[in-house]
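Chemist: Here it is, the structure, as structure tokens.
The values are calculated or read from the model by the stated rules, or taken from the named source; none is laboratory data. From a predicted model like this one, the values you see are computed outputs, not experimental measurements. A quick note on method: Cβ atoms are made from the backbone with ideal geometry, for glycine too, and the neighbour counts reach across all protein chains shown. Areas reflect the complete protein model, heavy atoms only, side chains present, ligands, DNA and RNA absent. Shrake-Rupley method; radii C 1.70, N 1.55, O 1.52, S 1.80 Å.
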Amino acid sequence: QPMLSLVPRNGRRGRSCKLSSTGVSTACSSAVAHPSRSSEERVYEVVLKQAALVREQRGESALDLKKPIESDWNLLNEAYQRCGEVNAEYAKTFYLGTLLITPERRRAFWAIAVWCRRTDELVDGPNASHITPKALESWDKRLNDLFQGRPYDMYDAALFDTVAKYPVDIQPFKDMMEGMRLDLRKSRYENFDELYLYCYYVAGTVGLMSVPVMGIAPESKASTETVYNAALALGIANQLTNILRDVGEDARRGRIYLPQEELALAGLSDDDIFRGKVTDKWRNFMKGQIKRATKIFDEAEKGVGELNSTSRWPVWASLLLYRQILDTIEAND
Ligand SMILES: CC(C)=CCC/C(C)=C/CC/C(C)=C/CC/C(C)=C/[C@@H]1[C@@H](COP(=O)(O)OP(=O)(O)O)[C@]1(C)CC/C=C(\C)CC/C=C(\C)CCC=C(C)C
Ligand SMILES: [Mn+2]
């Protein structure tokens, strides 16, 4: 059974908490059911499905659950509190955003973000070298159990409460796991289409998980699909930013997420990345990558005003904070 430990980044001293994952195997359906179609078409299918789900659920009370008894209630509060602590430590930019949202929604985001972080930690954390496809299958089985009301620990219990209160579908969670599977077997991306699909898996999915909690403004004239596409764009833009920020860190682990075809067009090779030399070719290449990510942030920004009024500020704040990382990359040469 893999132990999943969230340890402070940058070698900093601080809180470290051990989280464990248990379970057995289950297959996972995903957006890659039809390899002949483009990544965007496949992702769009998931967006449409998610949008349909919310349309179906709109108008229903989010609090239809039977009221929990007092002691359950206290435990649940504690579970959410712990999710908040993990986020404050490991997802700082998003944590700041969540502080601007209503308390009910805030804790729902904390629970979702902890699951995302733990999932990412399976392939990126200190125990990543021991993680096999089988271990991911266990995590997948555990996800199914959680959605069916059988949480394994407090973090899962908080997430179960969240998915019971808001119309959050399991598919984006499954798709995020597919991204982690990709990380186990793939360390190069041929073109942007391939990279886009990876970004959907590990980050676009977070947008799809988030909209049902954010809520769409009742006065919004935009279609549900438009709002979901903006949310998807925010996840993709965030992830592209992560990739551009972490080129060095990823290369030290033998991973290059930058599209190979685009590197070659710019006259750059894997070796240039590994050597980490900043040349004019590299600067020009990065300019193009930053431009593309900025455009996707701009697409996302258009959707912010369609969200429930209490959800706009936190999303906008985290969008601005994340987009600024692109400026910092450029300023750092
Ligand atoms: C209409 C509209 C614009 C709606 C907005 C919907 C919305 C709130 C979208 C959020 C999108 C978002 C925050 C995506 C996160 C993408 C991301 C950075 C994913 C990272 C994956 C792995 O990457 P990597 O290994 O390269 O990165 P590290 O170096 O390890 O960091 C992730 C690590 C997945 C983990 C993601 C989180 C912990 C963030 C979870 C955020 C939320 C649940 C939403 C937070 C809520 C607000 C208010 C921002
Ligand atoms: Mn990571």
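Chemist: Among the residues of the range 306-321, write down those that are surrounded by 14 or more Cβ atoms within 10 Å (Cβ to Cβ) and in contact (Cβ under 8 Å) with a residue 40 or more places away in the chain.
Modeler: Of everything in the range 306-321, those that are surrounded by 14 or more Cβ atoms within 10 Å (Cβ to Cβ) and in contact (Cβ under 8 Å) with a residue 40 or more places away in the chain turn out to be 306, 307, 308, 310, 311, 313, 314, 315, 317, 318, 319, 321.
Residues are listed down the side, and each one gets a yes or a no for (1) of a type in the set (S, T, N, Q); (2) surrounded by 17 or more Cβ atoms within 10 Å (Cβ to Cβ); (3) away from ligand 2 (no atom under 14 Å from the Cβ):
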position: 113; (1), (2), (3): no, yes, no
position: 123; (1), (2), (3): no, yes, no
position: 148; (1), (2), (3): yes, no, yes
position: 164; (1), (2), (3): no, no, yes
position: 174; (1), (2), (3): no, yes, yes
position: 183; (1), (2), (3): no, yes, no
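Chemist: Here's a follow-up. Mind checking which residues of the range 217-243 are open to solvent by 10 Å² or more (accessible area, probe 1.4 Å) and in contact with an Asp or Glu (Cβ under 6 Å, 6 or more places away or on another chain)?
Modeler: Those that are open to solvent by 10 Å² or more (accessible area, probe 1.4 Å) and in contact with an Asp or Glu (Cβ under 6 Å, 6 or more places away or on another chain): 220, 222.
Chemist: Within the group 190, 261, 225, which residue is at pLDDT 95 or above, over 22 Å from residue 115 (Cα atoms), in a helix (DSSP H, G or I) and away from ligand 1 (no atom under 12 Å from the Cβ)? Don't jump to the end; show me each part of the working.
Modeler: Values: 190 fails: in a helix (DSSP H, G or I); 225 fails: away from ligand 1 (no atom under 12 Å from the Cβ).
Result of the check over 190, 261, 225: 261.
Chemist: Residues being open to solvent by less than 10 Å² (accessible area, probe 1.4 Å) and either within 16 Å of ligand 2 (Cβ to nearest atom) or not in a helix (DSSP H, G or I) (or both): count how many of those fall in the range 126-146.
Modeler: Qualifying residue count, the range 126-146: 2.
Chemist: May I ask you to verify whether residue 204 is among the small types (Gly, Ala, Ser) and open to solvent by less than 10 Å² (accessible area, probe 1.4 Å)?
Modeler: In short, yes.
Conditions (1) under 16 Å from residue 232 (Cβ atoms); (2) more than 16 Å from ligand 1 (Cβ to nearest atom), marked per residue:
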position: 271; (1), (2): no, yes
position: 274; (1), (2): no, yes
position: 285; (1), (2): no, yes
position: 299; (1), (2): yes, no
position: 328; (1), (2): no, no
